[in-house]
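Before any comments, here is the structure.
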Amino acid sequence: MKKVIISDATLRDGSHALFHKLTKEHIVAYALAADAAGIPIVEVGHGNGLGASSLQVGLSLLDDREMLETARKHLSRSRLGIHVIPGFATINNDLRFAFDYGVDVVRVASHCTEADITERHISYTREQGKEAYGVLMMSHMANKEVLLDEALKMQAYGAEAVIIMDSAGAYLPHDVQDRVGHLAANLKVPVGFHAHNNLGMGIANSVAAVEAGARIIDGASRGFGAGAGNAQLEVMVAVFARLGIETGIDLYRALDAADIVEREIMETTPYISSVSLVSGLSGVFSGFARHVNLAAKEYDVDARDIFFELGARKVVGGQEDKIVEVAMELQQKIKRG
Amino acid sequence: MKKLKVAILGSGNIGTDLLYKVLRSSRLECSLFVGRNLSSKGMSRALSLGISVSDKGIQAIQDNPECCHIVFDCTSAMSHKIHSPILAGLGIIVIDLTPAKLGPFCIPAINLDACLGDVNVNMITCGGQASIPLAYVIGQTQQQVDYIEVVSTIASKSAGPATRLNLDEYIETTEKGVKMFSGCGKAKAILNLNPAEPCIDMQTTVYATVPKIDLPALKEGIAIMVEKIQRYVPSYNLIIPPTYENNRVIMSVRVKGMGDFLPSYAGNLDIINCAAIAVAEEFAMARIEGRQ
């Protein structure tokens, strides 16, 4: 029987959906439920990871330490994971203390073509005796050959798995199969996949990834994540069971966890809004959605126009300041007629 | 005018771009260009320009300490920590372009004169050179500033291996500089690399949390500061003027380079190199006028 590890992004990617206003109560309630369901890895933190609370991408309600401390106390079976982007988080400012709070798995991420900035954070994690994964974000912006080159760098730095993210929710199943298949055939370490649901492909793309050889799949309960949300974790557990793919997760408990998220944490259940669909089509980072909506309102322009313009300029995650610039330019254009 | 002799240590993007700027200077002369590999792009460029080169690293300066009055260190923070005591022992002034932060910080538009007495002047970071003058104006014009954040995005192609390996030092050094010059106790620096083709120009955004904003004073101060910076970085341009929105102050600059070594998108090379040249030329002037 095929086995996959499901890595749970609910308390990290879901932070985007709440504009980074996760509370301790949210973390306690969900961590207990995820642990009871036997979800192998539970990620916690700001949507853009450790040390990312900022005016640029959104200020966290809780600081990183409070989030990790709270989660750690309520996870016994599940391992505690964090997302770390060099450029936001440094070893001295951020990563060093994360280990004091009992982090087990560090997912060191970069834009899909910039793997060499992950070297020091991956090495440092390994030196601490913890598990390090490499994460290539916005992976639709590179072809499979480039992705493999970058993934090989991460593997050489010591990454024990490489996960490609469809951060914009831009893939169709054959795109996933093509890239994941190429990585799985050429890497020594396991390959992972992280879906977003902007084009309604979250589950289908995750299935395609497993069929192409992925062994780690990210999901979020009730899909709670940036933009249109992630692959819905409890659905994945059910679908994988149908396909004879073992996750080790208790379906009833996973459903309970998803109900808790819906009842106690989320403001609205993730759905493919018009803006999220455009975000996926234009290939722009899902985490931009709330910022784009704010800027559209502030400058009285169409959020869809902002997304298509950002897509044309090939912006990457972390460039949220471009949203304001583009909104201002669109406003000027309208004024000039 | 008699030119002051300078050596460039490090033949990567920064060092090679700096060479072109030294060649253009009426007060500086590059007496030695030092790398570690004669076949590197930077070294062959220097050779083709008829510059004396060496592949012996810091040893080249130790072997011939008379070759220069000033060394520009364009290596990495880690290497600079080794170079600094050696050059100090040789009595050579160092203008440090790595984020090693050993010497006092210099932003020419703010504290050029104050740096002249020092033997090791640190140029902070490219993002620091672009953002700190703006953060300084925020500190000067506003009564209370709770927080300042600076975000730079540069083209992937303009970030060489040392820059990539020094990302943590970049952030910590930039944050320290922002705090020091603005007087604000809480600061954050973020750096993004964008691989888009054609390459994007360097862009830097400064945010601030200011409880009682004096926007007219801020706008006036920023306009004066931008003009000052343009004297040594001609294409430093304000693209988002100081704006108060969503409970934050935001402003943005774009820096185009002169296209010396890398094309004009690499404004990040220009801003730190132009600042370093401004410091070296001031040293040269001071020497001629007998101030040093």
- Item | Tabulated pairs, segment B:271-284, first outside the structural domain of B:Q203 (by TED's automatic domain parsing) and farther than 22 Å from B:S158 by Cα, second of a type in the set (D, E) and open to solvent by 10 Å² or more (accessible area, probe 1.4 Å), C-beta under 9 angstrom, 6+ apart or interchain | B:E282/B:D113
- Residue among A:V239, A:V207, A:V176 that alone is open to solvent by less than 10 Å² (accessible area, probe 1.4 Å) and part of a helix (DSSP H, G or I): A:V176
- Could you tell me which residue of segment B:113-136 is modelled with the highest pLDDT, considering only residues that are over 15 Å from the mean Cα position of the chain (by Cα) and open to solvent by 10 Å² or more (accessible area, probe 1.4 Å)? B:Y136
- Task: Please specify each residue of segment A:184-198 satisfying the condition of being over 13 Å from A:Y133 (Cβ atoms) and either assigned to a strand (DSSP E or B) or more than 15 Å from the chain's Cα centre (by Cα) (or both).
- Result: A:A184, A:A185, A:N186, A:K188, A:H196
- Query: Taking segment B:192-208 only, how many residues are within 11 Å of chain A (Cβ to nearest Cβ) and within 15 Å of the chain's Cα centre (by Cα)?
  - Reply: 2
- List every residue pair whose Cβ atoms sit under 6 Å apart, with the two residues 6 or more apart in sequence or on different chains, where the first one lies in segment B:167-190 and is on the phi < 0 side of the Ramachandran plot and the second, anywhere, is among the hydroxyl-bearing types (S, T, Y) and open to solvent by 10 Å² or more (accessible area, probe 1.4 Å). B:F181/B:Y136; B:S182/B:Y136; B:K186/B:Y147
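Is segment B:10-23 home to any residue that is farther than 21 Å from B:S79 by Cβ and open to solvent by less than 40 Å² (accessible area, probe 1.4 Å)? Lay out the reasoning, then the answer.
Within segment B:10-23, the first condition is being farther than 21 Å from B:S79 by Cβ, and the residues that meet it are B:20-21, B:23.
If we keep only those that are open to solvent by less than 40 Å² (accessible area, probe 1.4 Å) as well, we get B:21.
Among the residues of segment B:10-23, at least one is farther than 21 Å from B:S79 by Cβ and open to solvent by less than 40 Å² (accessible area, probe 1.4 Å), which makes the answer yes.
Could you count how many residues in segment A:13-32 are assigned to a helix (DSSP H, G or I) and either open to solvent by 10 Å² or more (accessible area, probe 1.4 Å) or not assigned by TED's automatic domain parsing to the domain that holds A:D259 (or both)?
Here is the first cut: in segment A:13-32, the residues assigned to a helix (DSSP H, G or I) are A:13-17, A:24-32.
If we keep only those that are either open to solvent by 10 Å² or more (accessible area, probe 1.4 Å) or not assigned by TED's automatic domain parsing to the domain that holds A:D259 (or both) as well, we get A:16-17, A:24-26, A:28-29, A:32.
Summing the residues that are assigned to a helix (DSSP H, G or I) and either open to solvent by 10 Å² or more (accessible area, probe 1.4 Å) or not assigned by TED's automatic domain parsing to the domain that holds A:D259 (or both) in segment A:13-32 gives 8.
Do you know which residues across segment A:33-55 are surrounded by fewer than 22 Cβ atoms within 10 Å (Cβ to Cβ) and part of a loop (DSSP other than H, G, I, E, B)?
A:G38, A:P40
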- Which of (1) surrounded by fewer than 17 Cβ atoms within 10 Å (Cβ to Cβ); (2) modelled with pLDDT under 95 does B:P241 not meet, given it meets every other one? (2)
- Select the strands (runs of 3 or more DSSP E) contained entirely in segment B:109-198, then report the ones holding at least 3 residues which are touching a strand residue (DSSP E or B) at 6+ places or on another chain (Cβ under 9 Å), outside the structural domain of B:F72 (by TED's automatic domain parsing) and among the hydrophobic types (A, V, I, L, M, F, W, C). B:147-155, B:187-194
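The values are calculated or read from the model by the stated rules, or taken from the named source; none is laboratory data. These figures come from a predicted structure and were not determined experimentally. No Cβ is skipped: glycine too gets one built from the backbone with ideal geometry, and neighbour counts run over all protein chains shown. The area values use the complete protein model at the heavy-atom level, side chains included, leaving out ligands, DNA and RNA. Shrake-Rupley method; radii C 1.70, N 1.55, O 1.52, S 1.80 Å.
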